[in-house]
Structure formats: structure tokens, C-alpha cells
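Everything on this sheet refers to the single structure shown next.
We did not get these values from a lab; they are worked out from the coordinates using the rules stated. Please read all numbers here as calculations on a predicted model, not as lab measurements. Because the Cβ atoms are built from the backbone with ideal geometry, glycine has one as well, and the counts that use them run over all protein chains shown.
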Amino acid sequence: MILPIVAYGDPVLRRVADDIEQNSDLKELLANMFETMYGAKGVGLAAPQIGKSIRLFIVDASPFAEDEPENDEEAEELKALADFKKVFVNPVMEEETGEEWDFQEGCLSIPDLRESVDRKERIKLTYFDENWKRHTEEFDGVAARIIQHEYDHIEGKLFIDYVSPLKRRLLKKKLADISKGKVDVSYKMKFPLIKKGR
Ligand code: NI
């Protein structure tokens, strides 16, 4: 079932999400989240974006694998992203290391807006998978980037929090419009400033 994606301005996107009780059955929720993410052509989706303030996100970076690589190193990374489909339950960010690098980020909750964000290149994360198996794993490059963005969601942070105050001021009107549903979007959304019944 495709779920509506919560738009910018909804308080659920600003809440620090709660841990999920160990061994909870997440099967149906995960199936719905994957269907919702694919329907919106996203590469990541966090539970707060479907209105649930719990520490869970999913990623599938395979669309990146279709990009045209510029060199051998990039070709290798893109190949790795083809298989980067994962579920992260109760993740804990252990470490963020390396140089900061900038990458254009977007977010299904903030449609039609992309901004360059600086983040560290490597992360170490402990998490449970969909079978409640515990992992501690390192990620780098675009894989790390997607996880950092999704991890922020369960911490109540959004990528636009990283842009300069000046840039943020320029985005103010656009963000207000998104909250009111004044944006062209091809997937189902829930806008906080549209009253029910309209
Ligand atoms: Ni996002």
C-alpha cells in the first residue's frame, strides 16, 4: 500500500524518533515503505516521512547505478550502489570520519528543491536489519551520504538545516508553499497546512 509522504512543516519531521521494541514485526510496514519509496522514485525513506516517529529507514540506491560514470573509480562505486538495498532499524551512528565533501541532496518531504550539503565521507553504523540481526558496518561515498540523510530524519533534522542562513532566507517562500501544498508533485503527500476536508 502506498502511504502519503509527509511534507515539510509537519512536526513529525522535527521529532527525535523513538526506538522500536526488539523483535517487533515490521514486515507489513516495510513492504508499504518500499512501495511508497519506489512510487515516489526515492532512494531512501525514513519512518517519520510516513508519519511514524520511530527509528527506521530504508534505502535502495540502485537508480544511481544507471548514472554514467566519469572514471574507473566512479564506475566501481556505481556498481556497488546497484546492490545497496537495506533496512536500518534502531541505527546508532558510531562515527563519521574523513574529509567533508559536497553533494546535491533532495528529499521526498521537500519536493522540487535540491541543495548542496557538506558531510563527512565515511561512517560507522550499528543497526538491526529486517530480521533483527545486529550489524556494525562502515559505509562511504554515496552510500554513506544516503544513510546520513536518512539518519538525520530520525533525529528530527532535514538537509535544508545545513544551508547558509542567507540561502535559507531565500528558500523561505518556497518552503512555506510546500507546507501549503503549493507544489507540483507526482506522488501522494500529506501537507500540514491544508485543512482536512478540502
Ligand atoms: Ni529526506
Enter the mean projected area of the convex hull around the alpha-carbon atoms of the chain, in nm², rounded to one decimal. 11.8
Provide F57, F191 in ascending order of the number of other Cβ atoms located within 10 Å of each residue's Cβ, fewest first. F191, F57
Can you flag which of K41/K157; K41/K173; K52/K157; K86/K120 are past 23 Å Cα-Cα? K41/K173
